[in-house]
Amino acid sequence: MAQDINLENKKSVVTGGLMSRFNHTNIFDVDTKNFKWVNLETLFNTDPDKTYTLLGLFTKGSKFGKEPDAIIQGYKVNLPRHLLDTVEDMLDDNQVIEAIKAGKVGFKVYSYHSNTYNKDAYSVTWLDL
């Protein structure tokens, strides 16, 4: 755990410590205020072969429970609920966070048929860039 001691006021400042993952901060320093929401179906139908550079990840609560989301240039992307554990694991891994910040993580959207819901669905393949 990284810890800096401020000798003037004798308070400890903990950065990236054990409990830092429980703080709700924008760890990716991306201002998404003017970003629009988009779903994977729209991205896939726009360009099924495109690789998107990941700018950040986050989870949010909704009336359906916790949901995973991605940040790409100009958009916040609703991810499918089956990626929640994966996104949470990625957010708990400092090496992954630093790779995202460095622009070295991306994804491609793929489609598949969900037999459970008898409809086409969409997910992502994570990529090293």
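Every number in this text was worked out from the coordinates using simple rules, so none of it is lab data. None of these values were measured; they are calculated from a predicted model. Cβ placement follows ideal geometry from the backbone for every residue including glycine, while neighbour counts extend to all protein chains displayed.
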Most to least packed among 84-90, 72-78, 50-56, 28-34 [average Cβ atoms within 10 Å]: 50-56, 72-78, 84-90, 28-34
What lysines sit close enough to LYS36 to cross-link, taking a C-alpha to C-alpha distance under 29 Å and skipping anything fewer than 8 places away on the same chain? LYS50, LYS60, LYS63, LYS66, LYS76, LYS101, LYS104, LYS108, LYS119
Say a paramagnetic label sat at a point 7 Å from the Cα of GLU41, along Cα to Cβ; which residues of the range 58-77 have their backbone N under 17 Å from it? 77
